[in-house]
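The values are calculated or read from the model by the stated rules, or taken from the named source; none is laboratory data. Quantities reported herein were computed from a predicted structural model and do not represent experimental measurements. In this analysis, Cβ positions are derived from the backbone assuming ideal geometry, glycine residues included, and neighbour counts consider all displayed protein chains. Note: areas computed on protein heavy atoms with side chains; ligands, DNA, RNA excluded. Shrake-Rupley method; radii C 1.70, N 1.55, O 1.52, S 1.80 Å.
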Amino acid sequence: MEREIGAEKRRLRERIRRRADGMTEEAATESSRKIEAELLASRIWRDAESVFLYVSVGKEPDMRGLIKQALLEGKRVYVPKCLPGPERTMLAVRIRSMEELLPGTLGIPEPVFDPDDPPETAAAAEVDLILAPCVTANRRGERLGHGAGYYDRYLAPLASPNREEKTAVLCLCHEALLTEEIPADGNDIRADAVVTGDGSALQKFF
């Protein structure tokens, strides 16, 4: 069953990536603008003192404006640092400027630091708001990532029913890349909402 689900995920990724390749730069830019506006207008963004934001690549919703705005507002800003090795561990590393980001694992911009001077990091449950990337998602919060499993491992502690504090996990997805049916297994962590920029996803947080 696990192998079958894995094959379904690979086929869906390929199909959605072809759809993403067909998006014009103008369409992706406009969708990113709407997603950013919806987030910045929400109470969940305003109330968050700490945020974990991914660094976008390709046709993913553009995160640069959100990262800059979070820094400008004085929030504690964390971005992913993927560690090499079979464990596929991801750290949430605090940054204080965009200049701290350089291409790292998988070619994605990451924070650079001296191994002898460990950076400030945060576990998922220590962050108020986490923004997660996806290849595709649906409005129920199910998301299909890029396949490496970094985010599911990082977010796994949030699935504990004994957790007292609530960290909000939002998935950002272009509306044109939504998919109704997404294959999932026990390791997949569902987002609290999927933000597409249509103004509906964050109503539950008002």
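Rounded to the nearest 20 debye, the dipole magnitude of the chain is 440 debye, with +1 charges on Lys and Arg beta carbons, -1 on Asp and Glu beta carbons, and the Cα centre as origin. Rolling a 1.4 Å probe over the heavy atoms of the protein chains gives the chain an accessible area of 53 Å² per residue. The Cβ shell under 12 Å around Pro61 holds other residues with a net charge of -2, Lys and Arg each +1, Asp and Glu each -1.
The Thr89 and Arg3 beta-carbon pair, evaluated with R₀ = 22 Å, returns a calculated FRET efficiency of approximately 0.35. Here the calculated FRET efficiency for Ala123 and Arg13, from their Cβ-Cβ distance with R0 = 25 Å, stands at 0.35, rounded to the nearest 0.05. Ellipticity at 222 nm from helices only: DSSP H runs of n ≥ 4 in the chain, each -39500 (n - 2.57), divided by the residue count, give -8500 deg cm²/dmol. Among the trypsin sites (Lys or Arg not before Pro) found in the range 1-109, those both in a DSSP coil and sparsely packed, with 16 or fewer other Cβ atoms within 10 Å of their Cβ, are Arg88, Arg96. Averaging Cα coordinates gives a centre for the range 107-155 and one for the range 47-96; these two points are 7 Å apart. Listed by chain and number, the aspartates and glutamates whose alpha-carbon sits under 14 Å from that of Lys9, ignoring those within fewer than 8 places in the same chain, are Glu142, Glu180, Glu181, Asp185, Asp188.
Here the Karplus curve 6.51 cos²θ - 1.76 cosθ + 1.60, taken at θ = phi - 60°, turns the phi angles of the range 184-198 into couplings of 9, 10, x, 8, 7, 9, 7, 7, 6, 6, 10, 9, 10, x, 8 Hz, with x standing for Gly and Pro. The stretch between Arg64 and Arg153 holds 29.6 nm of extra length on full extension. This uses 0.36 nm per residue minus the Cα-Cα distance.
A cut-off of 5 Å between modelled amide H atoms, ignoring neighbours fewer than 5 places along the same chain, links Ala132 with Leu170, Cys171, Leu172.
In percent, rounded to a whole number, the relative contact order of the range 165-204 is 50, using alpha-carbon pairs under 8 Å and six or more apart. Extension gain, Thr24 to Arg43: 0.36 nm times the residue separation minus the Cα-Cα distance gives 3.7 nm. For Val93, the residues 5 or more places off, or on other chains, whose built amide H falls under 5 Å of its own are Val79, Lys81.
Explain nothing, just the number: relative contact order of the chain, from Cα pairs under 8 Å at least 6 residues apart, as a whole percent. Relative contact order, the chain: 25 percent.
Over the range 58-169, Cα pairs under 8 Å with separation of 6+ residues give a relative contact order of 22 percent.
Calculate, for Leu72 and His146, the FRET efficiency according to 1/(1 + (r/R0)^6) with r their C-beta to C-beta distance and R0 30 Å; round to the nearest 0.05. With R0 = 30 Å, the Cβ-Cβ based efficiency is 0.55. Net charge of the neighbourhood of Glu30, taken over other residues with C-beta under 12 Å away and scored Lys/Arg +1, Asp/Glu -1, is -3.
For Rg and Dmax of the Cα atoms in Å, which listed value, (1) 16.3, 47; (2) 18.6, 58; (3) 17.4, 61, comes from the coordinates shown? From the options (1) 16.3, 47; (2) 18.6, 58; (3) 17.4, 61, the structure gives (1). Per residue, the convex hull around the alpha carbon atoms of the range 116-206 comes to 133 Å³.
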